[in-house]
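*Asks:* Would you mind keeping the following structure in view while I ask a few things?
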Amino acid sequence: MSQQNTRPEALATSLAALPGALVRPTERAAKGYDLDVSLTPEALVPAVNVLDAAGYFLETITGVDWFGEQAELRKAAEAAEAAEAKKRAEALAKQAEAAAEAAGAETAPAAPAPASAAPPVEQTAPADKPPLPEDEIEVVYDFNHFQSRHRVVLRVRTPRSQPQVPTIQTIYPIAHWHEREAHDFFGIVFTGHNYLVPLLLPEDADFHPLLKDYGA
C-alpha cells in the first residue's frame, strides 16, 4: 500500500469523477464518518484503488438488507398521490361553490334535487400495478486514514436475488476475511474471491442469518 497523502477535498473529487458515483460530505459527529460515497459495482474497485493510493486502511465490510424497500416506496408514493388528488378535488369544489354563490347572489337558491335525480357515479376499474422493482442488498465498506483522522464509507447496491460485487482482496488482503463474513451473513458473492467458503457458519450452511426474511 502506498502512503501518498491526499487532501480530503482532492479525494472527494477523485471519487466523484468515477462513473455513477455520488459523493456526499457528512457531519462526523452525527454520522461517525466524513464522506459517504454511493457507487455502482463496476466503480467499486477503482474507488478502492483511489483510497489505497491515498493511504486509507480498511476497517470492515458489512451489508444492509433492503428487503421490503420497494413495497414501502410504492405505498408512500400512492399515499402522496391520493393526498394530492384529494387536495385538487377540494380546491375544485371550493371554486365551484364560489362561482355558484357569485352567480346566484341576487336570486333565491334553488331547491336541492332529489337523491334519485343525482347522476350516477362512474366506476372505473383500478389500473393494474406494474411489478415492483427488485429489492437490493447494500454492501458497505468502511475506510479510515490515521494521519488525517478522515473516515470514508463506500456503498454498493446489488440485486437481492443475486447479490454480487467484485472482491477487493487483491488490493486489501484483509478483505479476504471480511468478505467471507459478509457472505456468511448476507449471501453476498464476492466475484474473484479465491476461497469464499463459510467463515463463521457450518461448512454445509445454506442460510444467511442477517437477511430480513431468514426463518420466515
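The values are calculated or read from the model by the stated rules, or taken from the named source; none is laboratory data. None of the values given here were measured: they were computed from a predicted structure. Here the Cβ is made from the backbone with ideal geometry for all residues, glycine too, and neighbour counts use every protein chain on show.
*Asks:* Go through region 125-151 and report how many residues are among the small types (Gly, Ala, Ser) and at pLDDT 90 or above.
*Replies:* Within region 125-151, residues that are among the small types (Gly, Ala, Ser) and at pLDDT 90 or above number 1.
*Asks:* Moving on. Output the residue which, of all residues in region 137-169 that are of a type in the set (Ser, Thr, Tyr) and assigned to a strand (DSSP E or B), is surrounded by the most Cβ atoms within 10 Å (Cβ to Cβ).
*Replies:* The selected residue is TYR141.
*Asks:* Somewhere in region 204-211, is a residue modelled with pLDDT of 95 or more, closer than 19 Å to VAL37 by Cα and surrounded by 12 or more Cβ atoms within 10 Å (Cβ to Cβ)?
*Replies:* Among the residues of region 204-211, not one is modelled with pLDDT of 95 or more, closer than 19 Å to VAL37 by Cα and surrounded by 12 or more Cβ atoms within 10 Å (Cβ to Cβ), which makes the answer no.
*Asks:* Output the number of the condition that GLY55 fails; it satisfies all remaining conditions of (1) over 30 Å from PHE143 (Cβ atoms); (2) of a type in the set (Gly, Ala, Ser); (3) modelled with pLDDT of 90 or more.
*Replies:* Just one mismatch for GLY55, condition (1).
*Asks:* Looking at region 170-197, which of the residues that are within 17 Å of ARG157 (Cβ to Cβ), of a type outside the set (Ser, Thr, Tyr) and outside any helix (DSSP H, G or I) is nearest to the chain's Cα centre (by Cα)?
*Replies:* Only one residue tops the list, namely ILE188.
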